[in-house]
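Working notes for the structure below.
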Amino acid sequence: MARSPGFAACLLISLLLGSPGLVRADRAAQAPRLDKFQSLPECGTMMYFGEGMAAGMGALFDEVFRATDLFVPDLGVRFERRGDAAFALAWPLVLSFGRPTAVQIRRYHCADDGVNVLQPHRVAFEPGLALGDVTVASARLSYGYVWHPEWSRWGVEIDAGPTLVWRESRAGLALGPQLSVRYGRCCGPMYLVLALRYDVSLSSQQPSATLVKLGFSYR
């Protein structure tokens, strides 16, 4: 049976535009997703005002802790094999990486969840100064690993690496391990770290040395 030209035209239009169901699905996919203020009207009231303030202050303190770790040096004492002791300053710059071994999540009704993770592998570059009878400058590159359970405020880190040492225009190379004890709530930012390091001198121009220092660590 022959079809009318009008039927053929309607069929062509339907193929070009698609069925009404597909059009509705495409529009739904393109529609903006509702945020928390639209889905929870209470977010625009005073009900969760204190929680919102806590989320904002948490983000502010996070940046303060980051700056503290970056600019405030570790303080300690450097002992050399021949018995000399000197006041020591160190600025460890740490890059953490690896699959997280601990996660802390703080959930908010009207703000993004706060998520902190502990990545156990560490690469650090640490310039330092020892201010004694003679000023000694140093630069250390190390790799370390951190153990810090989610349920504990105490953690341990061990690392090792070479240290370049400059004394009275003479340079030397040392190599040694470092053991650190960390105190702080996992896995939030800012820990108090007590470290003990022994550098074995590989040069006859520089003595071996022991360093004890205390400082902050952002991660």
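When the residues of region 72-85 are narrowed to those that are touching a residue at least 12 places away in the same chain (Cβ under 8 Å) and not in a strand (DSSP E or B), which ends up nearest to LEU129 (Cα to Cα)? Steps first, answer last, please.
If we filter region 72-85 for residues that are touching a residue at least 12 places away in the same chain (Cβ under 8 Å), which is where we start, we get 72-82, 84-85.
Add one more test, that the residue is not in a strand (DSSP E or B), and what stays is 72-73, 81-82, 84.
On the way: VAL72: 14, PRO73: 10, ARG81: 17, ARG82: 18, ASP84: 15 Å.
The residue in question is PRO73.
Which of the following residues is closer than 25 Å to VAL103 by Cβ and surrounded by fewer than 20 Cβ atoms within 10 Å (Cβ to Cβ): VAL200, VAL212, VAL181? Give the steps one after another, and end with the answer.
Values: VAL200 fails: closer than 25 Å to VAL103 by Cβ; VAL212 fails: closer than 25 Å to VAL103 by Cβ.
Among VAL200, VAL212, VAL181, only VAL181 is closer than 25 Å to VAL103 by Cβ and surrounded by fewer than 20 Cβ atoms within 10 Å (Cβ to Cβ).
Mind listing whichever residues of region 59-104 are farther than 24 Å from HIS121 by Cβ, aromatic (Phe, Trp, Tyr) and surrounded by 12 or more Cβ atoms within 10 Å (Cβ to Cβ)?
PHE61, PHE79, PHE87
Scan (1) among the charged types (D, E, K, R); (2) touching a Ser or Thr at 6+ places or on another chain (Cβ under 6 Å); (3) within 14 Å of ARG182 (Cα to Cα) for the single condition GLU150 breaks and write down its number.
(2)
Here are the criteria: (1) free of Cβ contacts under 8 Å to residues at least 60 places away in the same chain; (2) in contact with a Gly (Cβ under 8 Å, 6 or more places away or on another chain). Tell me which single one LEU173 does not satisfy.
Only one criterion is unmet by LEU173, namely (2).
Residue check: is ASP112 modelled with pLDDT under 95, over 30 Å from VAL77 (Cα atoms) and acidic (Asp, Glu)?
Details: modelled with pLDDT under 95: yes; over 30 Å from VAL77 (Cα atoms): yes; acidic (Asp, Glu): yes.
Taking the combined requirement at face value, the residue satisfies it.
For SER96, only one of the following conditions fails: (1) touching a His at 6+ places or on another chain (Cβ under 8 Å); (2) assigned to a loop (DSSP other than H, G, I, E, B); (3) of a type in the set (Gly, Ala, Ser). What is its number?
Result: SER96 passes all but (2).
Here's the yes/no breakdown for (1) among the charged types (D, E, K, R); (2) without any contact (Cβ under 8 Å) to a residue 40 or more places away in the chain; (3) within 15 Å of GLU80 (Cβ to Cβ):
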residue: PHE125; (1), (2), (3): no, yes, no
residue: ALA130; (1), (2), (3): no, no, yes
residue: LEU164; (1), (2), (3): no, yes, no
residue: LEU179; (1), (2), (3): no, yes, no
residue: CYS187; (1), (2), (3): no, no, no
residue: LEU194; (1), (2), (3): no, yes, no
residue: ARG197; (1), (2), (3): yes, yes, yes
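Just to verify a result, which residue in region 134-157, among those that are assigned to a strand (DSSP E or B) and hydroxyl-bearing (Ser, Thr, Tyr), is nearest to the chain's Cα centre (by Cα)? Explain how you work it out, then say what you get.
Initially, region 134-157 is screened for residues assigned to a strand (DSSP E or B), giving 135-147, 154-157.
Pick out the ones that are also hydroxyl-bearing (Ser, Thr, Tyr) and you get 135, 138, 142-143, 145.
Values: THR135: 32, SER138: 25, SER142: 17, TYR143: 16, TYR145: 14 Å.
Across region 134-157, the extreme among qualifying residues is TYR145.
The values are calculated or read from the model by the stated rules, or taken from the named source; none is laboratory data. Model, not experiment: these values are computed from the prediction. Because the Cβ atoms are built from the backbone with ideal geometry, glycine has one as well, and the counts that use them run over all protein chains shown.
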